[in-house]
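Take a look at the structure set out below.
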Amino acid sequence: MTIHGAIEAGGTKFVCAVGAAETGSLRTATIATRDPDSTFAEVAAFFEDAADLGPVSGIGIASFGPVGVDPASPDYGRILATPKPGWEGTDLLARVRAFRDVPLAIDTDVNAAALAEVAAVGGDLRQLAYVTVGTGIGVGLVSEGRAVHGIGHPEAGHILVRRHPAHGDFAGTCPFHGDCLEGLAAGPAVSAAWGSPASELPADHPFWAVEADYLAQLCMTLFLTMAPERIVMGGGVMKQERLLPLIRARTAELLGGYVQGARDMAAMEQRIVGPACREPSGLVGAFLLAERAARHHAGTASRI
Ligand code: ADP
Ligand code: ZN
């Protein structure tokens, strides 16, 4: 069996794995994200230890953003403007190549997750959006089997939304835009506006309808712009099980029947869903990136 390496590089933790997308991880390790030198020392040690499982044919990286995803740009594989101290400009591909010279590929964690979610349902979806609602709001897009890139990667977590009256004049927490979607509805915004993290708000708290309204505005925008067959909702905040049905109902209401099937709640249940992957979608996506790098571009860092 051919095995691959996967790294899900996050702002709070790096998850490393050896295995394959289809069969799952054979071994994983979770490493706290510190400065790049000490973090990558641990990543290298993981792959060293995992050498007994056999050589990896490629390594895929699903990274927090913003990150350079255009192989023609000098920024390819580098972390761009980030508030995370010490990480701006870090060349993730070079850091991995320093300990393992195999084909490498990188994309955002959410684009990788979107690729994994397409694969998890047999690969025959034309358009899919993966949304994570956690410390930030990230959106990955796959169109016709490829992750969407253009001027960098999509950043739909920062769209402007219509403010919910319950938020009053709350300024929002996005350092770039204040009250964009992420600034109103990601984890830090929840704590700032409601006085407790989302994980501690009871299921019957009025907050959940407000959160659903904002996320439904994102879903509406995604349906209207890319017509996805499926929007997958993941991330820590989505662990509140009440949220998904609220988002479906509010999205249907906002769309007003304007998108095919939008009034049909059975159809909406197929279109706005939780993750289908058995492991974290970003990690599975990193395996897929590794597979593609190994298959198509042996020996060189590649665009997927
Ligand atoms: P990150 O974005 O850093 O990867 P997560 O996706 O785990 O992190 O999201 C963290 C957020 O998820 C926090 O704001 C936390 O309050 C929220 N969260 C975690 N567990 C739950 C839960 N069971 N219900 C609702 N919110 C949760
Ligand atoms: Zn923003």
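The values are calculated or read from the model by the stated rules, or taken from the named source; none is laboratory data. Note that the structure is predicted; figures quoted are calculated from it, not measured. Cβ placement follows ideal geometry from the backbone for every residue including glycine, while neighbour counts extend to all protein chains displayed.
Miscellaneous remarks
- Residue that is nearest to ligand 1 (Cβ to nearest atom) [pool: residues in region 144-159 that are of a type in the set (G, A, S) and surrounded by fewer than 17 Cβ atoms within 10 Å (Cβ to Cβ)]: G152
- Residue satisfying all of: in region 164-175; out of contact with any helix residue (DSSP H, G or I) (no Cβ under 7 Å at 6 or more places or on another chain) and either within 16 Å of ligand 2 (Cβ to nearest atom) or not in a loop (DSSP other than H, G, I, E, B) (or both); nearest to Y76 (Cα to Cα) among these: P175
- Filter result (under 19 Å from G138 (Cβ atoms), within 13 Å of ligand 1 (Cβ to nearest atom) and not small (G, A, S)) within region 160-208: T173, E182, P188, V190, P197
- Any hit, region 198-216, residues being buried (at least 18 other Cβ atoms within 10 Å of the Cβ) and within 16 Å of ligand 2 (Cβ to nearest atom): yes
- A count restricted to region 151-206 and to residues that are of a type in the set (S, T, N, Q) and in contact (Cβ under 8 Å) with a residue 24 or more places away in the chain stands at 1.
- In region 212-249, the residues that are touching a residue at least 40 places away in the same chain (Cβ under 8 Å) and of a type in the set (K, R): R230, K239
- When we screen L104, L53, L125 for residues that are farther than 24 Å from L184 by Cα, over 20 Å from the mean Cα position of the chain (by Cα) and in contact (Cβ under 8 Å) with a residue 24 or more places away in the chain, the only hit is L53.
- Failed item, numbered, when L184 is tested on (1) within 16 Å of ligand 2 (Cβ to nearest atom); (2) surrounded by fewer than 17 Cβ atoms within 10 Å (Cβ to Cβ); (3) on the phi < 0 side of the Ramachandran plot: (2)
- Qualifying residue in region 251-261 (condition: surrounded by 21 or more Cβ atoms within 10 Å (Cβ to Cβ), in contact with a helix residue (DSSP H, G or I) (Cβ under 9 Å, 6 or more places away or on another chain), over 24 Å from G136 (Cβ atoms) and in the same structural domain as F207 (by TED's automatic domain parsing)): yes
- Within region 1-23, considering residues that are within 20 Å of the chain's Cα centre (by Cα) and part of a loop (DSSP other than H, G, I, E, B), the one farthest from ligand 1 (Cβ to nearest atom): E22
- Checking each residue in region 77-91 for being within 14 Å of T39 (Cα to Cα) and outside any loop (DSSP other than H, G, I, E, B) picks out only D91.
Residues are listed down the side, and each one gets a yes or a no for (1) charged (D, E, K, R); (2) surrounded by 14 or more Cβ atoms within 10 Å (Cβ to Cβ); (3) under 29 Å from I137 (Cβ atoms):
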residue	(1), (2), (3)
I7	no, yes, yes
T12	no, no, yes
A17	no, yes, yes
F40	no, yes, yes
A45	no, yes, no
G54	no, no, no
S57	no, yes, no
I61	no, yes, yes
D70	yes, yes, yes
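- Set side by side, the residues R250, R242, R278, R230 differ, and just one is within 16 Å of ligand 1 (Cβ to nearest atom) and either closer than 26 Å to T135 by Cα or not acidic (D, E) (or both), which is R242.
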